[in-house]
Amino acid sequence: SRIWFLTGTPLVKGAMDLHPLLSFIQPGVWGKYKDYCEKYCLQRENKWKASGIEYYGVKSSKELNKALKPLMLRRYKKDVVEDLPSKLFSTVPFNIGSGNFDIFTNDGITRAILEKVEKGGVLDETVATTIRELGLKKVKSVVDFCCDSLHPNPLVIFAHHRLVLYDIAEQLREKGRKVEVLIGGKTAEKKQEYVNAFQGRKIDDLVCGIGVAGVGINLFRASRCVFAELPWTWAAYEQACD
């Protein structure tokens, strides 16, 4: 007699993320997307949007929570597994050598976009290519860190680009580690096969694409994960860690 929608992270960028679910649960009650966002979301000017307005965040958490209370059941990890320890984060610096990586910063990306727009041109692949090159330049240091500092722990290693994922796996194998690579395009059966192999101690490390393995699977054999590259949103990073 009931349908439950299950989600680990219902809000990624703001209250607007809930509108499709709420509209499905109660058609017509929550109004059109624009009206809903104006009521529950913050807004700011964004000349890249057709409307000139971008919705984000939550205007009033108290008002939104009150509206959601009859519909939403929230269970936190601390309430379900009381003895779960806090996550510990470390940032590991290392030298990646030479290269024009200024464009990889937020300011650099913004400059690249504005330059193309002002000249009336189309944004080329410079930004994407530079980000991929940066990932490839980190591979050796990531592998050395995994083998020298985290050995012999089983590891889940996340990255974004396929070339980076395959390079990491290949160099780990050269170090004597048993590794599989979990990327998009795999069938559900093959995906589960890799998960079972990792959980069953048949392989040492699982090298994963953040998009395909960052949510919805259990890799609790590992107590450590390594991010060779970061996703675009903090929510995706948090979900992958969990």
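Residue by residue through segment 101-154, note down the ones that are in a loop (DSSP other than H, G, I, E, B), at pLDDT below 80 and not acidic (Asp, Glu). Give the steps one after another, and end with the answer.
Step one: list which residues in segment 101-154 are in a loop (DSSP other than H, G, I, E, B), which gives 101, 105, 119-125, 149-154.
Within this subset, residues satisfying the condition of being at pLDDT below 80 are 101, 105, 119-125.
Scanning segment 101-154 gives PHE101, THR105, LYS119, GLY120, GLY121, VAL122, LEU123.
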Extreme residue, modelled with the lowest pLDDT, among residues of segment 170-226 that are open to solvent by 80 Å² or more (accessible area, probe 1.4 Å), closer than 20 Å to PHE145 by Cβ and not in a strand (DSSP E or B) | SER223
Identify all residues within segment 160-169 that are part of a loop (DSSP other than H, G, I, E, B) and open to solvent by less than 60 Å² (accessible area, probe 1.4 Å); write none if there are none.
-> HIS161
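Could you say which residue among SER51, SER98 is farther than 30 Å from ALA15 by Cβ and loosely packed, with under 12 Cβ neighbours inside 10 Å?
Values: SER51 fails: farther than 30 Å from ALA15 by Cβ.
Answer to the selection: SER98.
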Scan segment 13-21 and give yes if some residue there is surrounded by 13 or more Cβ atoms within 10 Å (Cβ to Cβ) and not in a helix (DSSP H, G or I), otherwise no.
-> yes
Residue satisfying all of: in segment 227-242; assigned to a loop (DSSP other than H, G, I, E, B) and farther than 14 Å from VAL179 by Cβ; most open to solvent (accessible area, probe 1.4 Å) among these | TRP232
Kindly indicate whether any position in segment 190-206 is small (Gly, Ala, Ser) and in contact with a helix residue (DSSP H, G or I) (Cβ under 9 Å, 6 or more places away or on another chain).
-> no
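So that you can scan it fast, the table gives a plain yes or no per residue for (1) of a type outside the set (Val, Ile, Thr); (2) in contact with a strand residue (DSSP E or B) (Cβ under 8 Å, 6 or more places away or on another chain):
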site: LYS137; (1), (2): yes, no
site: ILE157; (1), (2): no, yes
site: HIS161; (1), (2): yes, no
site: VAL179; (1), (2): no, yes
site: PHE198; (1), (2): yes, yes
site: VAL207; (1), (2): no, yes
site: ILE217; (1), (2): no, no
site: GLU229; (1), (2): yes, yes
If VAL226 passes every condition in (1) over 16 Å from the mean Cα position of the chain (by Cα); (2) touching a residue at least 40 places away in the same chain (Cβ under 8 Å) but one, which one does it miss?
-> (1)
How many residues does segment 58-81 contain that are modelled with pLDDT of 90 or more, surrounded by fewer than 12 Cβ atoms within 10 Å (Cβ to Cβ) and part of a helix (DSSP H, G or I)?
-> 2
For segment 29-57, name all the residues that are among the aromatic types (Phe, Trp, Tyr), modelled with pLDDT under 90 and outside any loop (DSSP other than H, G, I, E, B).
-> TYR56
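The values are calculated or read from the model by the stated rules, or taken from the named source; none is laboratory data. Just so it is clear, the model here is predicted, and its values are computed rather than measured. Every residue, glycine among them, receives a Cβ derived from its backbone with ideal geometry; neighbour counts consider all protein chains shown. Accessible surface areas use protein heavy atoms only, side chains included; no ligands, DNA or RNA. Shrake-Rupley method; radii C 1.70, N 1.55, O 1.52, S 1.80 Å.
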